[in-house]
Amino acid sequence: MEATARTRHARQLFAPLGQTYDRYARLLSFGQDPRWRSFLVSRVPPDALRVLDVASGTAAVAIELARAQSARTVVGVDQSPEMLEAGRDRVAQEGLSERIELRDGRAEALPFADGEVDALTFTYLLRYVDDVPATLRELARVVRPGGTVAMLEFGLPRAAWRPLWELYVRVGLPAAGAVVSPGWREVGSFLGPSIRDFWREWPEPRLFDAWREAGLADVTARRMSLGGGLVVWGRRA
Ligand SMILES: C[S@@+](CC[C@H](N)C(=O)[O-])C[C@H]1O[C@@H](n2cnc3c(N)ncnc32)[C@H](O)[C@@H]1O
C-alpha cells in the first residue's frame with residue numbers, strides 16, 4: 001500500500017522520539033497517560049491469551065498487557081522503525097522478549113488472518129489514518145468473534161476545563177516541547193490542532209457509529225481526567 005502524506009508525516013513526527021518518548025509523553029500529559037493505559041488494559045479479559053496491540057510504539061501497552069496475564073502473548077505492530085527499536089529495548093529490559101513480539105506494519109493492512117487474535121488494543125492511532133472507517137474494519141477483521149477491541153485517545157475536556165486545555169495546547173505544550181528538543185517542539189505544536197480537528201470530524205456519536213459499522217458491538221466509552229483521555233471498548237460481533 002502506497003504511503004499517503006498523512007502516513008509520511010506520522011513517520012517523520014515519531015522518528016526522532018523513540019528513545020525519549022516514554023519519559024516526555026508522561027510529563028506532557030501531567031502524568032495521566034499511564035493511568036489511561038492501565039484502564040485500557042483492564043478492558044481486555046484475562047482469557048484473551050493472544051493479543052494484538054496496534055500503533056504499539058515503544059510497547060508501553062504491550063508490556064502492560066503481558067504483565068496483566070502471565071499466560072498471554074502480545075504482538076505489537078507499528079509503522080515507525082525508530083519507535084519499535086526503542087520498544088524492543090524496553091521489552092528486553094522488562095525480560096518479556098519471549099512473550100512480546102514487535103513487528104513493522106500498518107494498521108490499514110494488518111499482517112494477520114481473519115479472527116486470528118483474541119483481543120486488540122490501539123492507542124493514539126486514529127488521528128494518523130486517512131480512512132477511519134476502513135481502518136476500524138481492518139482492526140475488527142483480525143479479532144475472533146466475541147473478542148475485545150479497545151482504544152485510547154486524547155479527548156477534549158468540556159465546559160470550564162476546555163479553556164484551560166486550549167491554553168495548555170496553544171501555549172504550554174509547544175513551549176514545553178521546545179525546551180526538550182526540535183522533535184518534541186513539533187509534537188507540542190501539532191498535538192492540540194490534531195486532537196481538535198479529529199473530534200470536529202469525528203464527534204463521539206459518529207465515531208461510535210463507525211465502530212458499530214465495523215462489526216463491533218456493545219460499544220462503551222469512559223472519559224478520564226476531566227475528558228483529557230477517552231477509552232472506548234467493544235466486542236467483535
Ligand atoms: C503517540 S504514539 C503511541 C504509542 C503507544 N501506543 C503508546 O501508547 O505509547 C502513536 C504511534 O502510532 C504509530 N502509527 C501512526 N500511524 C500508524 C499506522 N497507520 N499504522 C501503524 N502505526 C501507526 C506511530 O508510529 C506511533 O508509534
I want to confirm something. Restricting to the range 198-209 and keeping residues that are part of a helix (DSSP H, G or I) and within 17 Å of the chain's Cα centre (by Cα), which single residue is surrounded by the fewest Cβ atoms within 10 Å (Cβ to Cβ)? Glu204
In the range 67-95, what residues are part of a loop (DSSP other than H, G, I, E, B) and either within 13 Å of the chain's Cα centre (by Cα) or surrounded by 17 or more Cβ atoms within 10 Å (Cβ to Cβ) (or both)? Gln69, Arg72, Gln79, Ser80
Those residues that are surrounded by fewer than 17 Cβ atoms within 10 Å (Cβ to Cβ) and among the β-branched types (Val, Ile, Thr), I need them from the range 165-197; list them, please. Val171, Val179
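When you go through Thr20, Thr58 one by one, which is the residue that is farther than 23 Å from Val143 by Cβ and crowded, with 23+ Cβ neighbours inside 10 Å?
Numbers: Thr20 fails: crowded, with 23+ Cβ neighbours inside 10 Å.
So the residue among Thr20, Thr58 that is farther than 23 Å from Val143 by Cβ and crowded, with 23+ Cβ neighbours inside 10 Å is Thr58.
How many residues are in a loop (DSSP other than H, G, I, E, B), within 11 Å of the ligand (Cβ to nearest atom) and within 13 Å of Leu120 (Cα to Cα) when one looks only at the range 14-66? If you could, list the steps in order and put the result at the bottom.
Looking only at the range 14-66, we keep the residues that are in a loop (DSSP other than H, G, I, E, B), and these are 15-17, 29-32, 43-49, 55-59.
In the following step, the residues that additionally are within 11 Å of the ligand (Cβ to nearest atom) were identified as 15, 17, 29, 55-59.
So of that shortlist, the ones also within 13 Å of Leu120 (Cα to Cα) come out as 55-56.
Residues in the range 14-66 being in a loop (DSSP other than H, G, I, E, B), within 11 Å of the ligand (Cβ to nearest atom) and within 13 Å of Leu120 (Cα to Cα): 2 in total.
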In the range 1-53, which residues are within 13 Å of Ala66 (Cα to Cα) and of a type in the set (Ser, Thr, Tyr)? Ser38, Ser42
Would it be correct to say that Arg6 is in contact with an Asp or Glu (Cβ under 8 Å, 6 or more places away or on another chain), within 10 Å of the ligand (Cβ to nearest atom), closer than 16 Å to Val187 by Cα and assigned to a helix (DSSP H, G or I)? yes
Set Leu28, Leu40, Leu65: member being modelled with pLDDT under 95 and either among the aliphatic types (A, V, I, L, M) or touching a strand residue (DSSP E or B) at 6+ places or on another chain (Cβ under 9 Å) (or both): Leu28
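The values are calculated or read from the model by the stated rules, or taken from the named source; none is laboratory data. On a predicted model such as this, the values are computed, not experimentally measured, just so you know. Virtual Cβ from ideal backbone geometry, glycine too; neighbours counted across all protein chains shown.
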